[in-house]
Amino acid sequence: MRARTRSAHGLHTFMIPALGMLALLHPFVLPAAADPPPADSVLAPPSPRDARDMGVGRMIPDATGTTMDGATVSWRSGRGERATVIALTSVTCPLCKKFTPSLARTESEFAKQGVKFVFVNVSGLDSKDAMRKQAADAGFKGLYLEDRKQSIVTALDARTTTEVFVIDARNTLVYRGAVSDQYGVDFTREAPRHRFLDDALRAVLQGSQPATAATTSPGCAIERTRAAAPVQLSAPTYSREISRIINANCVTCHREDGVGPFRLDSYDAVARRATMVMAVIDEGTMPPWFAAPMHGTDRASTLSPWANDRSLGTAEKQAIAAWIAAGKPEGDPKDMPLAPKFATSEWSIGTPDAVFKLPEPIAVKADGFMQYQKVLVPTNITEDRWVKAVQIVPTDPSVVHHVLVFALDEETAKDPDTRRRLGNDESSGYWAAYVPGNDAITFPEGMAKRLPARSSLLFQIHYTPNGTATQDQMSLGVVYSTTPPKHLVRTAAVADLRLSIPPGASRHQEDALIRIPADAKILAFMPHMHVRGTAYRYELEVPGSPKRTVLDIPDYDFNWQLRYELREPLEAPRGATLHGTAWYDNSADNPANPDPTKTVRWGPQTVDEMMLGYIEYYLVDEDPMKPMDLPGRGGLRGRLGGAGGAGRKPSFEMLQRQFDTNDDGRIERAEVAPALHGRFDQLDTNKDGVLTSDDFGG
């Protein structure tokens, strides 16, 4: 293998021969590497990690260090009114030296906002004079402690000399990791691309969670000494551990005015439902998250690919079980975390630029079954608009199961037959969606959805009566972008409209696919089936590579129409195929099955079935001002023509981009999925088994 040469900005001072013997003795010396270090190595560049596996969200216990005058002092004696930063350091670690100016600038900027710094020297070898000089030269104002006994290191479970820890006013860890990504073991940037510490402090001061709550932090590895015994805590208490777990995972819905049926925002509320809480956690019903771990891991300290991952970690589940087993102790009220903050306005996206409301309230009966409600709402906008955030707000969310909204152009909205077909089909891709606990989306910077001029919004609403007659008149709010986006966000679906589930079948499989006609990046998935659906899997097949699973839902739950948002867009190059596989239980053993004796086919009602694998995506080379004319309403379709064309015959060029996989200028019948052969035969006017421009009058 090619040996890697250290940068002049790296840790070369540890590698020269004169320090060969010192390298055997010094606890922070890092060996040279021939290959790029593993992602979790202390040598690796900063990268996000799963925050819960890194301890974010737990209470940081008290721990002491030694001042330069020899006094034993708790780190908490130096904490700030609104937040505290514990910044680890070492006089002799080169990366600590590099980050010193950044730490001093951040301390100066945030000190006036109620944030204080505690600097903790974790070397164990630095002299008092060297530490005093470091603090003076850097201009550090905060408390400076030596942690020779590693009391603070152990309390933090610290790993490298450059780590920083942001702790809120009630001692909850909200960020740990690197100061920024400006420096690494073998690189230096002119300026950081990500200022992790600054971003985390701004989020805490705004009462929100950091977008990146944990990263690796390249630096000198901290060796634990024999004298550093693990911090021994008593059994979990509500105040110290359980309240933090519940706040992070449950209170978003289970609070006053939340969509949950009861509150879980106090000791009494949780203690009186503790057994039930544990039961739904063990069953996997709560928190609602059904994606299987990727690559067969249980998070295993790797970053989840899902930005909205709601799953509980093993340690969190064990803490709740141990708390119940210990008799549900309340603990010291002084250990309670800060109460979570929620938007006081009904609009979490901010004040909408426009609100589209159902013209009349819809009556929801007290019990029984309600068919899907379909309501058309004109937008009355006179020009195309770019929407960067959208939110659906019911007036009575307790009876709303889910909502899909379709944006219809002026021509389509005028045709009642087409409106009805689109409402029953759903495979053309939704424009906006709502499920309890997930009512809003703000697209990433530079992305937006298009709302056509003179369009109408078709609301398809699934109400579930809850025992009390009520009414609902929901609204949809949008925030417009003032400039055209870089990428146009689209939605499409892997769909099998010809599904047929035999009576009594307990594990019936249906398959569908989409061929990718242009380079695309997938942003999110949202599978949709009805009460017989039991599992769904998305697989991506790129030419020359084996098919790989990109989302696996082994236990689909109709009650939760979840959207699975990728942390990083998934590349789907031209010529790739996205496969969808769905499984259904039409047997008498399925308690939700309306009729196990019936052959079930596609239909819009709960007693019918659907096979939809929605995807949100954008086309890499598409100019939003000149949208690419791809087959179907959503742009990526698994069939020839379809709802988006309102029955019009597609152009040969449109179909060629999608189905001509060998780029020979023709579409052979074998290049088209068998489910589409009927439509293929209709378009094949000369019946030669091949589609060319001649079949389209060209």
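Note that the stretch 354-484 shows a convex hull volume over its alpha carbon atoms of 105 Å³ per residue. On full extension, the segment bounded by GLN471 and SER693 gains 74.5 nm, given 0.36 nm per residue less the C-alpha separation.
Filter the trypsin sites (Lys or Arg not before Pro) in the stretch 302-351 down to the DSSP loop ones having no more than 12 other Cβ atoms within 10 Å, then list what survives.
Working: sites: ARG310, LYS317, LYS334, LYS341; in loops: ARG310, LYS341.
Counting only loop positions with at most 12 other Cβ atoms within 10 Å, the trypsin sites (Lys or Arg not before Pro) in the stretch 302-351 are LYS341.
Rg of the Cα atoms in the stretch 336-396, relative to 2.2 N^0.38 Å, amounts to 1.59.
Just list whichever of LYS388/LYS521; LYS374/LYS486; LYS341/LYS449 have alpha carbons separated by over 23 Å in the model shown. It would help to have the intermediate numbers written out before the result.
Working: LYS388/LYS521 18 Å; LYS374/LYS486 33 Å; LYS341/LYS449 29 Å.
Distance filter (> 23 Å) returns LYS374/LYS486; LYS341/LYS449.
Can you tell me how the stretch 490-621 classifies by the Cα gyration tensor, rounded, prolate or oblate, using a/c under 1.5 as the rounded cut? Present the calculation step by step, with values, prior to reporting the outcome.
Numbers: a/c = 2.35, a/b = 2.08, b/c = 1.13.
Prolate.
Sequentially through the stretch 162-169, phi angles give Karplus couplings (6.51, -1.76, 1.60; θ = phi - 60°) of 9, 5, 10, 10, 9, 10, 6, 5 Hz, Gly and Pro residues having no value and appearing as x.
Per-residue Karplus couplings for the stretch 256-271, computed as 6.51 cos²θ - 1.76 cosθ + 1.60 with θ equal to phi - 60°, are listed in order as 4, 6, x, 7, x, x, 8, 8, 9, 10, 8, 4, 4, 5, 6, 4 Hz, Gly and Pro entered as x.
In a fully extended conformation the segment linking LYS547 and ILE381 would gain 55.4 nm over its present Cα-Cα distance, using 0.36 nm per residue. Under 19 Å of direct C-alpha separation, and excluding same-chain neighbours fewer than eight residues apart, LYS357 reaches these aspartates and glutamates: GLU346, ASP396, ASP409, GLU410, ASP439, ASP472.
Spin-label model, ALA292 to GLN373: label points 7 Å out along the Cα-to-beta-carbon direction sit 3.9 nm apart. Note on LYS149: lysines with a C-alpha under 18 Å away, same-chain residues under 8 apart excluded, are LYS128.
Assuming 0.36 nm per residue, please report the length gained on full extension of the stretch VAL620 to ARG669 beyond their Cα-Cα distance.
Numbers: separation 49, 0.36 × 49 = 17.64 nm, distance 2.84 nm.
Extra length from VAL620 to ARG669 when fully extended: 14.8 nm.
In terms of its C-alpha gyration tensor, the stretch 192-278 comes out oblate, because a/c is 1.5 or above while a/b does not outweigh b/c. Looking at the P(r) of the stretch 429-469, how many percent of alpha-carbon pairs lie beyond 12 Å? So the pairs more than 12 Å apart make up 75 percent of the total in the stretch 429-469.
For the stretch 238-335, the C-alpha radius of gyration divided by 2.2 N^0.38 Å, with N the number of residues, is 1.11. Note on ARG105 and ASP69: with the Förster distance fixed at 22 Å, the Cβ-Cβ geometry gives a FRET efficiency of about 0.20.
Add +1 for every Lys or Arg and -1 for every Asp or Glu among the other residues with Cβ under 11 Å from the Cβ of PRO48, and state the total. So the environment of PRO48 carries a net charge of -1. Based on the Cβ-Cβ distance of THR599 and HIS677, what FRET efficiency does E = 1/(1 + (r/R0)^6) give at R0 = 22 Å, to the nearest 0.05? My answer for the efficiency is 0.50.
The HN-Hα couplings worked out from phi for the stretch 453-463 by the Karplus form 6.51 cos²θ - 1.76 cosθ + 1.60 (θ = phi - 60°) are 4, 6, 7, 10, 9, 9, 8, 10, 10, 9, 9 Hz, whole numbers, x standing for Gly and Pro.
Taking 7 Å steps out from each Cα toward its Cβ at SER587 and ALA321 produces label points 2.9 nm apart. With a ≥ b ≥ c taken as the square roots of the eigenvalues of the C-alpha gyration tensor of the stretch 51-184, please select rounded if a/c is under 1.5 and otherwise prolate if a/b is larger than b/c or oblate if it is not? Since a/c stays below 1.5, the shape of the stretch 51-184 is classed as rounded.
Only the coordinates and a few stated rules stand behind these numbers; no lab work does. Just so we're clear, the structure is a prediction, and the values are computed from it rather than from any experiment. Don't worry about glycine lacking a Cβ; one is built from the backbone with ideal geometry, like all the others, and counts go over all protein chains shown.
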